[in-house]
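Structure record follows, encoded as structure tokens.
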Amino acid sequence: MRRFQARVYGLALVVVVAAGAGAQAVRWRSADDRELARQYRQTLDVADGRYLEAVRMTTMDGRPAGTAFLYQGNPSWLLVTVSAAPADGAYDALAIDRDGAAHLAGTCVMTRGGGTAGYRLDIPVSAVSQIQLRSRTVPGAVLTGLAR
């Protein structure tokens, strides 16, 4: 009986040591992720924000064209940066809500295929289904990004 108890206790000790070693390994491997999350939370706290979302912008034929950033905070905003616009000139920046209504956020001017502009959003980021940049002068020159 004592031999059986010794084996059970020995096995329990092995399990406890292995679990502790596994937990420590997970903690060590996830240190970078925890630090990134801490920095992200700190940035949102300073800016009075709740979250930031990035959206890939593409041309009508699906080629990558840039990125839109949607920030939920006080105030909420949209930032677009484009590196491959189909045409130069002024583009209307639109936040399309989940009901399909377009909300004009502002104008982004493209020069040599690129442009960057930021706008205050008048609707919650959670209501945005899509970002569109529509050329004012070239029909069909549209960039689109689908939000979550």
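The table for this structure:
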{"item": "Within the stretch 99-136, tally of residues that are in a strand (DSSP E or B) and among the hydrophobic types (A, V, I, L, M, F, W, C)", "result": "10"}
{"item": "Single residue of G114, G62 found to be without any contact (Cβ under 8 Å) to a residue 24 or more places away in the chain and not hydroxyl-bearing (S, T, Y)", "result": "G62"}
{"item": "Pick from the stretch 57-78, criterion of a type in the set (G, A, S) and part of a loop (DSSP other than H, G, I, E, B), ranking: nearest to T107 (Cα to Cα)", "result": "S76"}
{"item": "Test for P124: is it farther than 18 Å from V142 by Cβ, under 17 Å from the mean Cα position of the chain (by Cα), surrounded by fewer than 16 Cβ atoms within 10 Å (Cβ to Cβ) and in contact (Cβ under 8 Å) with a residue 12 or more places away in the chain", "result": "yes"}
{"item": "Residues that are in a strand (DSSP E or B) and crowded, with 16+ Cβ neighbours inside 10 Å, drawn from the stretch 137-146", "result": "V142, L143, T144, G145"}
{"item": "The one condition in (1) surrounded by fewer than 14 Cβ atoms within 10 Å (Cβ to Cβ); (2) over 20 Å from M60 (Cα atoms); (3) not β-branched (V, I, T) that A102 fails to fulfil", "result": "(2)"}
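Just so you know, all these numbers are worked out from the coordinates, no wet-lab data involved. Predicted model, so just to flag it, every value in this text is computed and none were measured. For neighbour counting, all protein chains shown are included, and Cβ atoms are generated from backbone atoms with ideal geometry for every residue, glycine included.
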